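Here the structure comes first, spelled out in structure tokens, and everything after it is commentary.
The values are calculated or read from the model by the stated rules, or taken from the named source; none is laboratory data. Bear in mind that the values here come from a model prediction, so they are computed numbers and not experimental data. Here the Cβ positions follow ideal geometry from the backbone for every residue, glycine too, while neighbour counts run over all protein chains shown. Accessible surface areas use protein heavy atoms only, side chains included; no ligands, DNA or RNA. Shrake-Rupley method; radii C 1.70, N 1.55, O 1.52, S 1.80 Å.
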Amino acid sequence: MNLKRAGRIGLVAGAVVAAAVIPTSPAAALNYGYGPWYNSSKGAVAYFEKHGDHIKICDVKTDGWYANIYIYDETAKRFQIDLSDTKNDGHCHYSSAADGGYFNLPENHWFKMTVNVTRGGGSERIKSYEIYNNA
């Protein structure tokens, strides 16, 4: 094998190893069944996937407000989850049933999911969505 070919093989092998160790977000390859859901000012966007109860909330506007999703279990008549993303920095906040506790949404329940933006004591609750969690 000549030196030129050995160098190319080394570059390809190095690229394959580098690609294998690059971290990705926990839900990067997930196809969300619901969303994008925006609030009216489009400062927050949320997604939901029934299989595994995956929730993603993103602050998408640099304006001093942060993004929230409030999830209320309408069947059990109780608050379930409050998930926030506090900065428009390209990173979102994720949760799933694997996180346990209240993140594991009960099956065969109706949920109201409200996407809002919040700053200080004020909140702008504009968009709510109802989902029947049967997966």
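Between Ala98 and Arg78, what FRET efficiency follows from the Cβ-Cβ distance if R0 is 25 Å, with the result rounded to 0.05? The value I calculate is 0.70. Listed by chain and number, the lysines whose C-alpha is less than 22 Å from the C-alpha of Lys56, apart from same-chain residues fewer than 8 away, are Lys42, Lys87, Lys112, Lys127. Taking all protein chains as they are arranged and a probe of 1.4 Å, the heavy atoms of Tyr132 leave approximately 80 Å² accessible to solvent.
Only protein heavy atoms count here; on that basis, with a 1.4 Å probe, Phe103 has an accessible area of about 60 Å².
Give me log10 I(q)/I(0) at q = 0.12 Å⁻¹ for region 35-92, Debye formula, one equal scatterer per alpha-carbon, no solvent. Computed log10 I(q)/I(0) values: -0.29. Sorting Thr62, Thr86, Thr114, Thr75 by accessible area puts them as Thr62, Thr86, Thr75, Thr114; the probe is 1.4 Å, largest comes first, and only protein heavy atoms count. In units of the compact-protein estimate 2.2 N^0.38 Å, region 72-129 shows a Cα radius of gyration of 1.26. For Asp99, the accessible area of its heavy atoms, probed at 1.4 Å with every protein chain present, is near 90 square angstrom. For region 30-135, trypsin sites (Lys or Arg not before Pro) meeting the loop criterion (DSSP other than H, G, I, E, B) and having at most 14 other Cβ atoms within 10 Å: Lys42, Lys77, Lys87. For region 37-110, the per residue solvent-accessible surface stands at 51 Å², with DNA, RNA and ligands left out and a 1.4 Å probe. Within region 36-135, the GluC sites (Glu not before Pro) that combine a DSSP coil assignment with at most 16 other C-beta atoms in a 10 angstrom radius are Glu74, Glu107.
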